[in-house]
Amino acid sequence: MKKILIIGATGQIGSELTMKLRGLYGNDNVVAGYITGAEPKGILAESGPSAICDVTDAPAIAEVVKTHQIDTIFNLAALLSVVAERKPMLAWKIGIDGLWNVLEVARENGCAVFTPSSIGSFGPETPRARTPQDTIQRPRTIYGVSKVTTELLSDYYFNKYGVDTRSVRFPGLISNVTPPGGGTTDYAVDIYYSAVRGEKFVCPIAEGTFMDMMYMPDALNGAIQLMEADASRLVHRNGFNIASMSFEPSQIYAAIKKYKPEFEMVYDVDPLKQAIASSWPDSLDDSCARMEWDWNPTYDLDSMTRDMLEKLAKRLA
Ligand code: AKB
(Lines give C-alpha, C1' and ligand atoms only; values in the text may rest on other atoms or scores of the structure.)
Protein backbone atom coordinates (compact mmCIF):
# COMPACT_ATOMS: atom_id res chain seq x y z
CA MET A 1 0.00 0.00 0.00
CA LYS A 2 1.45 3.34 -1.05
CA LYS A 3 -1.43 5.59 -2.01
CA ILE A 4 -4.66 4.85 -0.20
CA LEU A 5 -8.26 6.03 -0.63
CA ILE A 6 -10.74 5.57 2.22
CA ILE A 7 -14.35 5.72 1.03
CA GLY A 8 -16.46 6.61 4.06
CA ALA A 9 -13.58 8.28 5.89
CA THR A 10 -15.79 10.17 8.33
CA GLY A 11 -17.70 7.11 9.58
CA GLN A 12 -17.09 4.97 12.67
CA ILE A 13 -14.25 2.90 11.18
CA GLY A 14 -13.08 5.43 8.58
CA SER A 15 -12.36 8.29 10.94
CA GLU A 16 -9.89 6.19 12.94
CA LEU A 17 -8.55 4.11 10.06
CA THR A 18 -7.66 7.24 8.06
CA MET A 19 -5.62 8.66 10.94
CA LYS A 20 -3.93 5.33 11.63
CA LEU A 21 -2.99 4.87 7.96
CA ARG A 22 -1.68 8.45 7.76
CA GLY A 23 0.55 7.69 10.73
CA LEU A 24 1.90 4.57 9.02
CA TYR A 25 2.08 5.58 5.35
CA GLY A 26 2.41 9.37 5.48
CA ASN A 27 -0.28 12.05 5.71
CA ASP A 28 -0.17 12.93 2.01
CA ASN A 29 -0.63 9.31 0.94
CA VAL A 30 -4.05 8.71 2.49
CA VAL A 31 -7.06 10.44 0.91
CA ALA A 32 -10.18 10.83 3.07
CA GLY A 33 -13.17 10.22 0.78
CA TYR A 34 -16.45 11.66 2.05
CA ILE A 35 -19.95 12.59 0.92
CA THR A 36 -21.58 16.01 1.06
CA GLY A 37 -23.01 16.53 4.54
CA ALA A 38 -20.36 14.31 6.17
CA GLU A 39 -17.26 16.44 5.56
CA PRO A 40 -14.08 15.70 7.54
CA LYS A 41 -13.46 18.03 10.46
CA GLY A 42 -10.61 18.90 12.83
CA ILE A 43 -7.49 16.77 12.63
CA LEU A 44 -9.04 14.50 9.98
CA ALA A 45 -9.51 17.50 7.67
CA GLU A 46 -6.20 19.17 8.54
CA SER A 47 -3.79 16.25 8.52
CA GLY A 48 -4.06 15.15 4.88
CA PRO A 49 -5.90 15.29 1.56
CA SER A 50 -9.62 14.72 1.27
CA ALA A 51 -12.01 14.46 -1.68
CA ILE A 52 -15.72 14.10 -2.29
CA CYS A 53 -16.11 10.43 -3.15
CA ASP A 54 -19.66 9.09 -3.20
CA VAL A 55 -19.60 5.30 -3.63
CA THR A 56 -22.71 5.52 -5.85
CA ASP A 57 -20.87 7.79 -8.30
CA ALA A 58 -18.40 5.69 -10.33
CA PRO A 59 -16.88 8.58 -12.37
CA ALA A 60 -16.19 10.49 -9.12
CA ILE A 61 -14.37 7.47 -7.64
CA ALA A 62 -12.36 7.04 -10.87
CA GLU A 63 -11.40 10.71 -10.83
CA VAL A 64 -10.09 10.58 -7.24
CA VAL A 65 -8.21 7.33 -7.96
CA LYS A 66 -6.53 8.81 -11.05
CA THR A 67 -5.78 12.22 -9.53
CA HIS A 68 -4.11 10.73 -6.45
CA GLN A 69 -2.65 7.63 -8.18
CA ILE A 70 -4.39 5.40 -5.67
CA ASP A 71 -3.28 1.75 -5.40
CA THR A 72 -5.49 0.62 -2.48
CA ILE A 73 -9.14 1.39 -1.70
CA PHE A 74 -10.78 0.81 1.70
CA ASN A 75 -14.47 0.75 0.78
CA LEU A 76 -16.26 1.43 4.07
CA ALA A 77 -19.52 2.86 2.72
CA ALA A 78 -22.52 0.92 4.10
CA LEU A 79 -25.73 1.20 6.10
CA LEU A 80 -25.56 -0.79 9.34
CA SER A 81 -28.02 -3.61 10.07
CA VAL A 82 -30.91 -1.84 11.82
CA VAL A 83 -31.07 1.17 9.53
CA ALA A 84 -30.66 -1.12 6.50
CA GLU A 85 -33.79 -3.06 7.57
CA ARG A 86 -35.68 0.24 7.44
CA LYS A 87 -34.19 1.28 4.06
CA PRO A 88 -33.41 -1.97 2.22
CA MET A 89 -33.16 -0.49 -1.27
CA LEU A 90 -30.78 2.23 -0.14
CA ALA A 91 -28.72 -0.40 1.70
CA TRP A 92 -28.38 -2.34 -1.56
CA LYS A 93 -27.61 0.78 -3.60
CA ILE A 94 -24.76 1.78 -1.29
CA GLY A 95 -23.53 -1.69 -0.39
CA ILE A 96 -23.76 -3.50 -3.72
CA ASP A 97 -24.20 -0.99 -6.55
CA GLY A 98 -21.50 1.01 -4.76
CA LEU A 99 -19.26 -2.04 -4.52
CA TRP A 100 -19.62 -2.69 -8.29
CA ASN A 101 -18.43 0.88 -8.87
CA VAL A 102 -15.42 0.42 -6.61
CA LEU A 103 -14.49 -2.95 -8.10
CA GLU A 104 -14.76 -1.66 -11.67
CA VAL A 105 -12.57 1.36 -10.88
CA ALA A 106 -10.14 -0.99 -9.13
CA ARG A 107 -10.05 -3.32 -12.15
CA GLU A 108 -9.37 -0.45 -14.54
CA ASN A 109 -6.71 1.16 -12.35
CA GLY A 110 -4.99 -1.84 -10.75
CA CYS A 111 -6.10 -1.14 -7.16
CA ALA A 112 -6.43 -3.55 -4.25
CA VAL A 113 -9.78 -3.36 -2.43
CA PHE A 114 -10.82 -3.96 1.18
CA THR A 115 -14.60 -4.09 1.77
CA PRO A 116 -15.72 -5.23 5.22
CA SER A 117 -18.09 -8.11 5.69
CA SER A 118 -19.71 -8.82 9.06
CA ILE A 119 -20.98 -11.39 11.55
CA GLY A 120 -24.27 -10.28 9.95
CA SER A 121 -23.41 -12.38 6.89
CA PHE A 122 -24.52 -15.43 8.93
CA GLY A 123 -28.07 -16.45 9.76
CA PRO A 124 -30.12 -18.68 12.06
CA GLU A 125 -29.10 -21.93 10.28
CA THR A 126 -25.39 -21.19 10.80
CA PRO A 127 -23.67 -23.11 13.64
CA ARG A 128 -23.87 -20.64 16.54
CA ALA A 129 -20.80 -21.38 18.62
CA ARG A 130 -17.32 -21.01 17.17
CA THR A 131 -18.89 -20.52 13.74
CA PRO A 132 -16.48 -22.03 11.18
CA GLN A 133 -14.84 -19.98 8.41
CA ASP A 134 -16.64 -21.89 5.67
CA THR A 135 -20.22 -22.66 6.63
CA ILE A 136 -23.91 -21.94 5.89
CA GLN A 137 -24.57 -18.25 5.11
CA ARG A 138 -28.32 -17.70 4.81
CA PRO A 139 -28.88 -14.35 6.60
CA ARG A 140 -32.42 -13.03 7.14
CA THR A 141 -31.52 -9.31 7.03
CA ILE A 142 -30.88 -7.15 3.96
CA TYR A 143 -27.60 -6.15 5.65
CA GLY A 144 -26.59 -9.81 5.76
CA VAL A 145 -27.76 -10.44 2.20
CA SER A 146 -25.63 -7.52 1.03
CA LYS A 147 -22.63 -8.73 3.05
CA VAL A 148 -22.79 -12.24 1.55
CA THR A 149 -23.08 -10.62 -1.88
CA THR A 150 -20.10 -8.40 -1.02
CA GLU A 151 -18.03 -11.47 -0.24
CA LEU A 152 -19.12 -13.29 -3.41
CA LEU A 153 -18.69 -10.30 -5.73
CA SER A 154 -15.28 -9.51 -4.27
CA ASP A 155 -14.17 -13.13 -4.74
CA TYR A 156 -15.58 -13.01 -8.28
CA TYR A 157 -13.47 -9.98 -9.17
CA PHE A 158 -10.40 -11.71 -7.77
CA ASN A 159 -11.01 -14.99 -9.61
CA LYS A 160 -12.14 -13.48 -12.91
CA TYR A 161 -10.04 -10.33 -13.18
CA GLY A 162 -7.26 -10.76 -10.63
CA VAL A 163 -8.36 -7.73 -8.59
CA ASP A 164 -6.67 -8.05 -5.18
CA THR A 165 -9.82 -8.08 -3.01
CA ARG A 166 -9.63 -8.93 0.69
CA SER A 167 -12.00 -8.62 3.64
CA VAL A 168 -12.81 -9.59 7.19
CA ARG A 169 -16.13 -10.33 8.87
CA PHE A 170 -16.17 -7.63 11.51
CA PRO A 171 -17.93 -8.27 14.79
CA GLY A 172 -19.59 -5.37 16.66
CA LEU A 173 -16.94 -2.65 16.85
CA ILE A 174 -16.46 -0.64 20.00
CA SER A 175 -14.67 2.69 19.91
CA ASN A 176 -14.45 5.94 21.83
CA VAL A 177 -13.99 8.23 18.83
CA THR A 178 -16.85 8.24 16.30
CA PRO A 179 -20.07 6.56 17.51
CA PRO A 180 -21.67 3.96 15.22
CA GLY A 181 -25.14 4.65 13.83
CA GLY A 182 -27.90 2.13 13.25
CA GLY A 183 -26.20 -1.16 14.16
CA THR A 184 -27.47 -4.08 16.25
CA THR A 185 -24.27 -4.14 18.31
CA ASP A 186 -24.36 -0.37 19.07
CA TYR A 187 -25.55 -1.08 22.61
CA ALA A 188 -22.03 -2.19 23.49
CA VAL A 189 -20.78 1.33 22.66
CA ASP A 190 -23.76 3.25 24.07
CA ILE A 191 -23.41 1.52 27.44
CA TYR A 192 -19.97 3.12 27.98
CA TYR A 193 -21.33 6.60 27.19
CA SER A 194 -24.10 6.09 29.79
CA ALA A 195 -21.61 4.81 32.36
CA VAL A 196 -19.28 7.79 31.90
CA ARG A 197 -22.15 10.28 31.92
CA GLY A 198 -23.50 8.76 35.14
CA GLU A 199 -26.78 7.77 33.48
CA LYS A 200 -28.79 4.58 33.86
CA PHE A 201 -28.42 2.43 30.72
CA VAL A 202 -31.50 0.98 29.04
CA CYS A 203 -30.32 -2.12 27.19
CA PRO A 204 -32.19 -2.94 23.96
CA ILE A 205 -30.75 -6.47 23.75
CA ALA A 206 -31.97 -9.27 26.02
CA GLU A 207 -29.82 -10.83 28.72
CA GLY A 208 -28.16 -13.99 27.44
CA THR A 209 -27.76 -12.77 23.83
CA PHE A 210 -24.12 -13.40 22.95
CA MET A 211 -22.45 -11.62 20.03
CA ASP A 212 -18.84 -11.27 18.96
CA MET A 213 -17.39 -7.81 19.66
CA MET A 214 -14.03 -6.14 19.12
CA TYR A 215 -12.17 -3.03 20.27
CA MET A 216 -11.42 -0.64 17.42
CA PRO A 217 -7.58 -0.77 17.71
CA ASP A 218 -7.69 -4.53 17.02
CA ALA A 219 -10.14 -4.03 14.13
CA LEU A 220 -7.88 -1.43 12.48
CA ASN A 221 -4.78 -3.58 12.92
CA GLY A 222 -6.64 -6.52 11.42
CA ALA A 223 -7.71 -4.60 8.30
CA ILE A 224 -4.21 -3.24 7.71
CA GLN A 225 -2.47 -6.52 8.50
CA LEU A 226 -4.71 -8.37 6.03
CA MET A 227 -4.05 -5.83 3.25
CA GLU A 228 -0.30 -6.16 3.89
CA ALA A 229 -0.39 -9.97 4.10
CA ASP A 230 1.65 -12.12 1.72
CA ALA A 231 -0.87 -13.08 -1.00
CA SER A 232 0.74 -16.49 -1.47
CA ARG A 233 -0.36 -17.49 2.07
CA LEU A 234 -4.03 -16.58 1.54
CA VAL A 235 -6.29 -19.55 0.97
CA HIS A 236 -9.36 -17.42 1.69
CA ARG A 237 -9.98 -13.82 0.69
CA ASN A 238 -13.54 -12.55 1.22
CA GLY A 239 -14.01 -12.59 4.07
CA PHE A 240 -12.08 -13.88 7.05
CA ASN A 241 -13.72 -14.61 10.39
CA ILE A 242 -11.94 -12.51 13.02
CA ALA A 243 -12.73 -12.54 16.73
CA SER A 244 -11.43 -11.30 20.04
CA MET A 245 -14.29 -11.46 22.57
CA SER A 246 -17.88 -12.64 22.81
CA PHE A 247 -20.21 -11.43 25.56
CA GLU A 248 -23.86 -10.85 26.43
CA PRO A 249 -25.29 -7.70 28.05
CA SER A 250 -24.97 -8.73 31.69
CA GLN A 251 -21.28 -9.48 31.16
CA ILE A 252 -20.38 -6.05 29.75
CA TYR A 253 -22.49 -4.51 32.52
CA ALA A 254 -20.50 -6.46 35.13
CA ALA A 255 -17.21 -5.46 33.46
CA ILE A 256 -18.15 -1.77 33.73
CA LYS A 257 -19.50 -2.12 37.28
CA LYS A 258 -16.07 -3.34 38.37
CA TYR A 259 -14.79 0.21 37.69
CA LYS A 260 -18.07 2.08 38.29
CA PRO A 261 -19.94 0.28 41.10
CA GLU A 262 -22.78 2.83 41.08
CA PHE A 263 -23.62 2.16 37.39
CA GLU A 264 -27.14 0.83 36.71
CA MET A 265 -28.61 -1.03 33.74
CA VAL A 266 -32.19 -2.10 32.98
CA TYR A 267 -33.61 -3.97 29.98
CA ASP A 268 -36.15 -2.68 27.45
CA VAL A 269 -35.72 -5.07 24.54
CA ASP A 270 -36.11 -3.63 21.03
CA PRO A 271 -37.87 -6.31 18.94
CA LEU A 272 -36.08 -5.50 15.65
CA LYS A 273 -32.60 -5.37 17.22
CA GLN A 274 -33.31 -8.53 19.22
CA ALA A 275 -34.55 -10.43 16.15
CA ILE A 276 -31.37 -9.49 14.27
CA ALA A 277 -29.09 -10.30 17.22
CA SER A 278 -30.78 -13.67 17.76
CA SER A 279 -30.13 -14.62 14.13
CA TRP A 280 -26.36 -13.98 14.42
CA PRO A 281 -23.70 -16.34 15.79
CA ASP A 282 -22.58 -16.27 19.42
CA SER A 283 -18.88 -16.46 18.53
CA LEU A 284 -16.71 -17.01 15.45
CA ASP A 285 -13.81 -19.40 14.91
CA ASP A 286 -10.99 -17.19 13.58
CA SER A 287 -8.35 -19.90 13.14
CA CYS A 288 -8.02 -19.35 9.35
CA ALA A 289 -7.15 -15.67 9.88
CA ARG A 290 -4.64 -16.69 12.55
CA MET A 291 -3.09 -19.26 10.23
CA GLU A 292 -3.11 -17.39 6.91
CA TRP A 293 -2.06 -13.88 8.02
CA ASP A 294 -1.17 -14.10 11.72
CA TRP A 295 -4.28 -12.39 13.10
CA ASN A 296 -3.75 -11.95 16.83
CA PRO A 297 -5.94 -9.46 18.73
CA THR A 298 -4.78 -7.88 21.96
CA TYR A 299 -7.88 -6.60 23.83
CA ASP A 300 -10.30 -8.63 25.94
CA LEU A 301 -13.45 -7.35 27.67
CA ASP A 302 -11.63 -6.13 30.77
CA SER A 303 -8.73 -4.33 29.05
CA MET A 304 -11.15 -2.75 26.55
CA THR A 305 -13.45 -1.60 29.37
CA ARG A 306 -10.60 0.05 31.27
CA ASP A 307 -9.42 1.88 28.15
CA MET A 308 -12.93 2.90 27.02
CA LEU A 309 -13.84 4.35 30.41
CA GLU A 310 -10.55 6.24 30.69
CA LYS A 311 -10.62 7.67 27.13
CA LEU A 312 -14.34 8.53 27.17
CA ALA A 313 -14.02 10.24 30.55
CA LYS A 314 -11.38 12.54 29.03
CA ARG A 315 -13.31 13.07 25.81
CA LEU A 316 -16.63 13.87 27.53
CA ALA A 317 -15.09 15.98 30.32
C1 AKB B 1 -24.17 -3.92 13.07
O2 AKB B 1 -24.53 -4.15 14.23
O3 AKB B 1 -24.94 -3.73 12.14
C4 AKB B 1 -22.69 -3.93 12.79
C5 AKB B 1 -22.17 -5.28 12.44
C6 AKB B 1 -22.01 -6.32 13.45
O7 AKB B 1 -21.86 -5.52 11.31
N8 AKB B 1 -21.98 -3.41 13.93
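The values are calculated or read from the model by the stated rules, or taken from the named source; none is laboratory data. Bear in mind that the values here come from a model prediction, so they are computed numbers and not experimental data. Backbone-built Cβ (ideal geometry, glycine too); neighbour counts: all protein chains shown.
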Original post:
Given the conditions (1) surrounded by 17 or more Cβ atoms within 10 Å (Cβ to Cβ); (2) more than 20 Å from the chain's Cα centre (by Cα), which single one is not true for Y192?
Top reply: (2)
**OP:** Give me the pairs, please: first residue somewhere in the stretch 60-88 and within 30 Å of K273 (Cα to Cα) and aromatic (F, W, Y), second residue anywhere and assigned to a helix (DSSP H, G or I) and within 16 Å of the ligand (Cβ to nearest atom), beta-carbon distance under 8 Å, and either six or more positions apart or on two chains.
**Re:** F74/G14; F74/L17; F74/A223
Original post:
Out of curiosity, is A195 in contact (Cβ under 8 Å) with a residue 60 or more places away in the chain, more than 25 Å from T149 (Cα to Cα), away from the ligand (no atom under 13 Å from the Cβ) and hydrophobic (A, V, I, L, M, F, W, C)?
Top reply: yes
Original post:
When you scan the stretch 245-261, how many residues do you find that are free of Cβ contacts under 8 Å to residues at least 40 places away in the same chain and either assigned to a loop (DSSP other than H, G, I, E, B) or in contact with a Gly (Cβ under 8 Å, 6 or more places away or on another chain) (or both)?
Top reply: 1
**OP:** Mind telling me which of the residues L272, L220, L316 ends up being touching a Leu at 6+ places or on another chain (Cβ under 7 Å), of a type in the set (A, V, I, L, M) and within 23 Å of Y193 (Cα to Cα)?
**Re:** L220
**OP:** Sort through A38, A62, A32, A78 and tell me the only one that's of a type in the set (G, A, S) and within 16 Å of the chain's Cα centre (by Cα).
**Re:** A78
Subject >> Residue among K160, K147 that alone is within 15 Å of the ligand (Cβ to nearest atom), not aromatic (F, W, Y), not assigned by TED's automatic domain parsing to the domain that holds D300 and not in a loop (DSSP other than H, G, I, E, B) >> reply: K147
Original post:
Within the stretch 263-281, can you find the residues that are assigned to a loop (DSSP other than H, G, I, E, B) and within 13 Å of the ligand (Cβ to nearest atom)?
Top reply: D270, W280, P281
**OP:** Being away from the ligand (no atom under 16 Å from the Cβ) and either free of Cβ contacts under 8 Å to residues at least 40 places away in the same chain or of a type in the set (K, R) (or both) is the filter here, so list the residues in the stretch 163-182 that pass it.
**Re:** R166
